[in-house]
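The values are calculated or read from the model by the stated rules, or taken from the named source; none is laboratory data. Just so we're clear, the structure is a prediction, and the values are computed from it rather than from any experiment. A quick note on method: Cβ atoms are made from the backbone with ideal geometry, for glycine too, and the neighbour counts reach across all protein chains shown. When the accessible area is computed, the model is the full protein with side chains, heavy atoms only, and any ligands, DNA or RNA have been set aside. Shrake-Rupley method; radii C 1.70, N 1.55, O 1.52, S 1.80 Å.
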Amino acid sequence: MRLPESRLAVLVSLPRNETGLAEAARQAGADGLKVHTNVRHRASGTSFGSLDAEYERLRDILALGIPTGLVVGAAGSVPVKEMIAAQKMGFDYFDVYAADAPADYVEACGPVTAMAALGPGDGPSQARALVRRGVQALELSTLEPERYGTPLTLATLARLEAVASAADVPVVVPSQHALEPRDLALLRDAGAAAVLLGAVVTGADPVTFGRRIAPYVATGT
């Protein structure tokens, strides 16, 4: 997984698999992107199709040259055959909730970094076990959906620190909280390797998308 070593990385989860949104994030200085297949995304309300259905859009996004990860599905919709096909496309990492990942998920990632997302109730012991099973990066889901958009809390920072201390792999924090640029220093100090900005803070309007990302990039540099 390609992340800067000297600072907190700023990644962007695209609300739609659109090249215009990806280019806006790139121009705003984002270090990487995340795109989706086989899932309905709660925060953005977008439904994403199969790898075949999304292929041309994903190919065009990857052509921008910015490191890009792929959410491979959700519960009951993580097709291993698609993951094997996607290995050749040039993704930086694959991602899925650990609770939704098939037992052979890590093997299906092949040479692509295997990331798994912890659920809001998962902690250090779950993180350690996933790393022992070959997971190479963790996404720390912080909130139940009904609490999306609330301010960053001390409890989230404490849980982040506990997980990051327990697992010697990059820990990525998605913006399920309504993160503000000033929160990035707190996340870094608690052990995050990257923040993943999503629809809660970026919105989905192509006109304002890049402008919403830029202050986080400026804070993280």
Can you tell me which residue in the stretch 184-198 is nearest to residue 156 (Cα to Cα), limited to those that are in a helix (DSSP H, G or I) and open to solvent by 20 Å² or more (accessible area, probe 1.4 Å)? 186
Flag for residue 156 being free of Cβ contacts under 8 Å to residues at least 40 places away in the same chain, among the polar types (S, T, N, Q) and surrounded by 19 or more Cβ atoms within 10 Å (Cβ to Cβ): yes
Residue, nearest to residue 124 (Cα to Cα), within the stretch 159-173, restricted to residues that are in contact with a strand residue (DSSP E or B) (Cβ under 8 Å, 6 or more places away or on another chain) and either open to solvent by 10 Å² or more (accessible area, probe 1.4 Å) or in a helix (DSSP H, G or I) (or both): 163
Within the group 88, 81, which residue is without any contact (Cβ under 8 Å) to a residue 24 or more places away in the chain, within 24 Å of residue 19 (Cα to Cα), surrounded by fewer than 19 Cβ atoms within 10 Å (Cβ to Cβ) and not small (Gly, Ala, Ser)? 88
Could you look through the stretch 142-167, keep only residues that are within 20 Å of residue 182 (Cα to Cα) and of a type in the set (S, T, N, Q), and pick out the one that is nearest to the chain's Cα centre (by Cα)? 142
In the stretch 105-140, the residues that are modelled with pLDDT under 95 and open to solvent by 70 Å² or more (accessible area, probe 1.4 Å): 121
